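Enquirer: This structure is in structure tokens; I'll ask about it shortly.
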Amino acid sequence: MQLTRLPGLRRRALVQAVSLVLALTPMAAPMAAVAVAAARPAETRVVLGKMGQIAGRLAPERPVHARAETRLVFAGLDIDGDGAPDFANPTGKAPRAWDAFGSGAFGARRDGGHRHHEGVDYAGIAGQEVTAPISGFVSKIGFAYAGDASLRFVEITNPALGYVARAFYVDPTIEVGAAVRIGQPIGRLRTLQDHYPGITDHVHLELMKTDGARIDAAELIHARRVTVRG
Ligand SMILES: [Zn+2]
């Protein structure tokens, strides 16, 4: 039988079948070994292990030794069109999820619904470096709560962009009037455990237009899950 004489469809099907057999041939020996081993129940675990190894060999795009993990990455919008992001995550970590004190999302309920969260809380580790969420100049260093000198915020204003950013719970390493670039260190994250025991330590980030309107930072700093293979 000559392949060339077969109609196109049948020829293709035959070629595919032959290819499949060829591809499976190297598997035949280990599969036979597994089948023999499977006859003895005591070796079930060994068999499962072997099958796992074989499955690994069957999927060359995902070798057995590689470990895949997903990671969150953050990308700020480029609103002035210069090709570079104009907003950045100040801790590099995911927004604070629910804990005993509520959610870190923008608009989350506070005080039983009497007020709403005006920022996004980015989880962090006490003492870690906090970086500038926008470029601009340091327009204010203030206190988060009246009468409490321990918790401060750094305010950065960018008149050209039309945005103001306030990063709370930061021990500043810069001074009022300093020019800062997005991503540049501006201080270290202060622990909140003395004030809210058990809370997820975080930077509370408020983004607003220069007219004061608060914007959900999650709309300007997009989170994306990527798979990283080791
Ligand atoms: Zn907050």
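Enquirer: Any residue that is aliphatic (A, V, I, L, M), under 24 Å from A149 (Cα atoms), more than 16 Å from the ligand (Cβ to nearest atom) and assigned by TED's automatic domain parsing to the domain that holds R110 - is there at least one of those in region 206-223?
Expert: Within region 206-223, none of the residues are aliphatic (A, V, I, L, M), under 24 Å from A149 (Cα atoms), more than 16 Å from the ligand (Cβ to nearest atom) and assigned by TED's automatic domain parsing to the domain that holds R110.
Enquirer: Then there is this: With respect to the numbered conditions (1) surrounded by fewer than 19 Cβ atoms within 10 Å (Cβ to Cβ); (2) within 30 Å of G81 (Cβ to Cβ), which one is the sole condition not fulfilled by V154?
Expert: In the conditions (1) surrounded by fewer than 19 Cβ atoms within 10 Å (Cβ to Cβ); (2) within 30 Å of G81 (Cβ to Cβ), V154 misses (1) alone.
Enquirer: Something else now. With the requirement that a residue be in contact with a Phe, Trp or Tyr (Cβ under 7 Å, 6 or more places away or on another chain) and either over 22 Å from V170 (Cα atoms) or free of Cβ contacts under 8 Å to residues at least 60 places away in the same chain (or both), what does region 102-124 give you?
Expert: Once the filter is applied, which keeps residues that are in contact with a Phe, Trp or Tyr (Cβ under 7 Å, 6 or more places away or on another chain) and either over 22 Å from V170 (Cα atoms) or free of Cβ contacts under 8 Å to residues at least 60 places away in the same chain (or both), region 102-124 yields only H117.
Enquirer: Counting only residues that are at pLDDT 95 or above and β-branched (V, I, T), which one in region 183-230 is farthest from R67 (Cα to Cα)?
Expert: Ranking the qualifying residues of region 183-230, first place goes to I215.
Enquirer: Going through region 74-83 one residue at a time, which ones are in contact (Cβ under 8 Å) with a residue 12 or more places away in the chain and either loosely packed, with under 12 Cβ neighbours inside 10 Å or in contact with a His (Cβ under 9 Å, 6 or more places away or on another chain) (or both)?
Expert: Those that are in contact (Cβ under 8 Å) with a residue 12 or more places away in the chain and either loosely packed, with under 12 Cβ neighbours inside 10 Å or in contact with a His (Cβ under 9 Å, 6 or more places away or on another chain) (or both): F74, A75, G76, L77.
Enquirer: Next up: Would you say G107 is within 16 Å of the ligand (Cβ to nearest atom) and part of a loop (DSSP other than H, G, I, E, B)?
Expert: It is true that G107 is within 16 Å of the ligand (Cβ to nearest atom) and part of a loop (DSSP other than H, G, I, E, B).
Enquirer: Can you tell which of G162, G119 is more than 16 Å from the ligand (Cβ to nearest atom) and assigned by TED's automatic domain parsing to the domain that holds R214?
Expert: Of G162, G119, the one residue that is more than 16 Å from the ligand (Cβ to nearest atom) and assigned by TED's automatic domain parsing to the domain that holds R214 is G162.
Enquirer: Filter region 88-104 down to residues that are outside any loop (DSSP other than H, G, I, E, B) and in contact with a Gly (Cβ under 8 Å, 6 or more places away or on another chain) and give me whichever is nearest to the ligand (Cβ to nearest atom).
Expert: P95
Enquirer: With respect to A167, determine if the residue is modelled with pLDDT under 95 and in a strand (DSSP E or B).
Expert: no
The values are calculated or read from the model by the stated rules, or taken from the named source; none is laboratory data. If you're wondering where the values come from, they're calculated on a predicted model, not measured in any experiment. Methodologically, a virtual Cβ is constructed for each residue, glycine included, from the backbone with ideal geometry; neighbour enumeration extends over all protein chains shown.
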